[in-house]
Amino acid sequence: MILSSFVYSPFYGEDFFFEIPRPFQFLSFYVYAKGVFQRDLPVGKVSIRKDDLCKYSGKDDWFNLQPVDPNTEVQGKVHLEMRLNEVITDNGSTGQHLLVKIIECKELPLISGQNCDPYATVCLAGPARSDQKKTKVKKKTSNPYFEETFFFEVTRSSSYSKKSHFQVEEEDIEKLEIKVDLWNNENLAQDVFLGETRVPVKILRSDHIHKAWYLLQPKGTGSKSKSDDLGQLRLKLHYIEDTVLPSACYTPLCNLLLKSPDVKPISASAAHILGDIFRERYEAVLPMVRLLLYHNRFVPFVSAVAALELDNTQEANTIFRGNSLATRCIDDMMKIVGKSYLAVTLKPVIDEICESNKTCEIDPIKLKEGDNVEVNKENLQVYVQKVFSSITQSSSNCPPLMCDVFRSLRHLACKRFPGDPHVQYSAVSSFVFLRFFAVAVLSPHSFQLRSHHPDPEIARTLTLISKTIQTLGSWGSLSKKLSSFKESYMYDFYKSFQEEKCIEKVKKFLDEISSNVSKESSRQEDAVVLKEGEVQKRTQGKKNFSKRNFKKRWLRVTNRELSYHKRKGKEALCTISVKNIQAVEKLDESAFNRKNMFQVVLSEKPLYVQAGNCVEASEWLEILGQVSRCNEGRLTTYHPSNYTAGAWQCCRNQSSNAPGCKPCTITMLANLQLDIDCDREAERIFSLLSSNESKLQNME
């Protein structure tokens, strides 16, 4: 949330819906003062314990803002193993030694949006001592695995001759504690505190291993500043916990729902009945859509539902205009499946619009003193052209599932209205432009394209762009389009665009995402650079492991081809069409004794590449995987190591043409399936049906 300048009682009135991870401790809300020439400054926060959420759920409450102290901003947990041992010294006396093992940590916070570089300090602290030791730093991870053991002397016999910095006689084991601090290594800056935990030594029994997870806590000397004068935040919370039963309990219900696409008529299917009963409730359709997506039953179901809706549609220019079961299902599907598509297509231009902050107001009534309407109109036109071009040149990135749905809608619309040549396009444009791209431009924060709400002036610019994109992307006559504008200034602005060229680009784009026409453009200028950078590439065909076989190269990938160059700006030494990529996978470090390696599998020989670091390697893998995900020749298995000395080093198969020994990384739709908990979705559907049994009986 951002406080406006000189506003002391701001009203937001905004709703947020999000999933909360199961192991969380607090739900926190932060209020910031927006900075003009510096970063935003925290005003205060409201933190609600997990156990208290049910108490506030469904209620409207005022909460006092608390001060934001970096030493209290902690999360995560640490896994410790401790043991108190009795040892016999050289002179025969006994003493106690403490073993502390830092095993691992989980769920440490991100630092500036990136995984942290954590390390731990272990201290045996008491009234007269403080022995501290430190682990190694783990790079770029929120779940570091340390496996480091430290030893401390707890007590010594009084006959021990060597002087120490504490007096044994005064040492009281009741007052000793093990203190573990987690820190983020900042190199040149001061290290950032991540949390601490304290364990009294007295709970340990001699020669017994104590092994447990401990939640990280704020630093003991946190801020004590008063919070009375920081203000209050008014919140209305709705907190829902799902109690999910074993999978077998939901099998009959899931089977019934998954049979829905095959039921004739479709209106008698379980999924359609669910949509009918909860026609006004958004949360009823979403779990059903997720369930159908997971089991690859979404396309046949939504095709059947769309066909039923078209049978009841009398005019071609009104198809898919209402809030029907078909439109709600497709809307939800696009939000789930099209998330990364929106990021690739719109995020760069949305970021530019929000950060450049150029004035684009063209309404004469809203112009400020000194504004030039012609300059504003030119600014707006540039932005609209950039957004429009980004959309119409993005067909190669459109997810296959969305293409399958659009192809089905196009076919059904042509079948229902065979005499209308335009209906095949309006059936698709009503979704992809009006319900997908235009909505994302209007509200980028809702689609994770921006981290927070835009300022009022930028929000106004996005509104004007969204209106224009809706009209440019809609299918109809020019007079019909212009009549959709109630404002004369929008009417005049739209006429500045070349109608015929826009229609041609929209038609080409819709053809590419909804028909069997090849998505690849014949024009070289349509290629979009997705990533480029310096890598180490292994010379193909070499059999030895010499360092000379790895050379610095400039790797570049577009939506059309992968190429490598001697240096940036030089001509390509080799160009590979992305259509020829069969797989993109990690390569075991043992293959060439090098970290951060990946392979691009081709029909002849794989291309072995070493990225500069693990983050770069992940980005290359993701982008190359996305751009080649629809290739017909993609492999289902691969070799995670190389072929040398007459055998694959991973599986020892001696045939160089042997099929891979490990399954390939699953594609976008399968990755989506990993994020869907079918049992949880089934429980939500079951709860809805159970609470509306009377409606089911009336329908029966």
Residue tally, condition assigned to a loop (DSSP other than H, G, I, E, B), surrounded by 14 or more Cβ atoms within 10 Å (Cβ to Cβ) and out of contact with any strand residue (DSSP E or B) (no Cβ under 9 Å at 6 or more places or on another chain), over the stretch 443-455 | 4
Requiring at least 2 residues that are open to solvent by less than 50 Å² (accessible area, probe 1.4 Å) and modelled with pLDDT of 85 or more, the helices (runs of 4 or more DSSP H) wholly within the stretch 456-510 are 456-473
Those residues of the stretch 523-552 that are at pLDDT 80 or above and under 24 Å from residue 392 (Cβ atoms) come to a total of 2
Look through the stretch 105-139, keep the residues that are outside any strand (DSSP E or B), closer than 19 Å to residue 75 by Cα and of a type in the set (D, E, K, R), and return whichever of them is nearest to the chain's Cα centre (by Cα).
-> 107
Restrict the check to the stretch 321-336 and report whether at least one residue is among the charged types (D, E, K, R), under 22 Å from residue 426 (Cβ atoms) and outside any helix (DSSP H, G or I).
-> yes
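The rows are residues; the columns are (1) within 15 Å of residue 510 (Cβ to Cβ); (2) open to solvent by less than 70 Å² (accessible area, probe 1.4 Å); (3) more than 34 Å from the chain's Cα centre (by Cα).
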{"site": "346", "(1), (2), (3)": "no, yes, no"}
{"site": "350", "(1), (2), (3)": "no, yes, no"}
{"site": "357", "(1), (2), (3)": "no, no, no"}
{"site": "361", "(1), (2), (3)": "no, yes, no"}
{"site": "366", "(1), (2), (3)": "no, no, yes"}
{"site": "369", "(1), (2), (3)": "no, no, yes"}
{"site": "409", "(1), (2), (3)": "yes, yes, no"}
{"site": "413", "(1), (2), (3)": "yes, yes, yes"}
{"site": "430", "(1), (2), (3)": "yes, yes, no"}
Just one of 259, 339 is open to solvent by 20 Å² or more (accessible area, probe 1.4 Å), within 30 Å of residue 387 (Cα to Cα) and not hydroxyl-bearing (Ser, Thr, Tyr); which is it?
-> 339
In the stretch 80-101, is there at least one residue being touching a His at 6+ places or on another chain (Cβ under 6 Å), at pLDDT below 85 and open to solvent by 30 Å² or more (accessible area, probe 1.4 Å)?
-> yes
Go through 339, 386 for me and flag whichever is at pLDDT 90 or above and either in contact with a helix residue (DSSP H, G or I) (Cβ under 8 Å, 6 or more places away or on another chain) or not polar (S, T, N, Q) (or both).
-> 386
Filter the stretch 371-381 for residues that are free of Cβ contacts under 8 Å to residues at least 40 places away in the same chain and charged (D, E, K, R); the one that is farthest from residue 494 (Cα to Cα) is 371
Within the stretch 382-390, is even one residue under 18 Å from residue 490 (Cβ atoms) and either of a type outside the set (A, V, I, L, M, F, W, C) or over 30 Å from the mean Cα position of the chain (by Cα) (or both)?
-> yes
Scan the stretch 553-610 for residues that are touching a helix residue (DSSP H, G or I) at 6+ places or on another chain (Cβ under 9 Å), open to solvent by 20 Å² or more (accessible area, probe 1.4 Å) and closer than 14 Å to residue 532 by Cα and report the count.
-> 3
For residue 356, are the conditions met, namely being of a type in the set (Ser, Thr, Tyr) and in contact (Cβ under 8 Å) with a residue 12 or more places away in the chain?
-> no
What about residue 74, is it outside any strand (DSSP E or B), open to solvent by less than 40 Å² (accessible area, probe 1.4 Å) and not acidic (Asp, Glu)?
-> yes
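The values are calculated or read from the model by the stated rules, or taken from the named source; none is laboratory data. Because the structure is a prediction, the values reported are computed rather than measured. Here the Cβ is made from the backbone with ideal geometry for all residues, glycine too, and neighbour counts use every protein chain on show. With ligands, DNA and RNA removed, areas are computed over all heavy atoms of the protein, side chains included. Shrake-Rupley method; radii C 1.70, N 1.55, O 1.52, S 1.80 Å.
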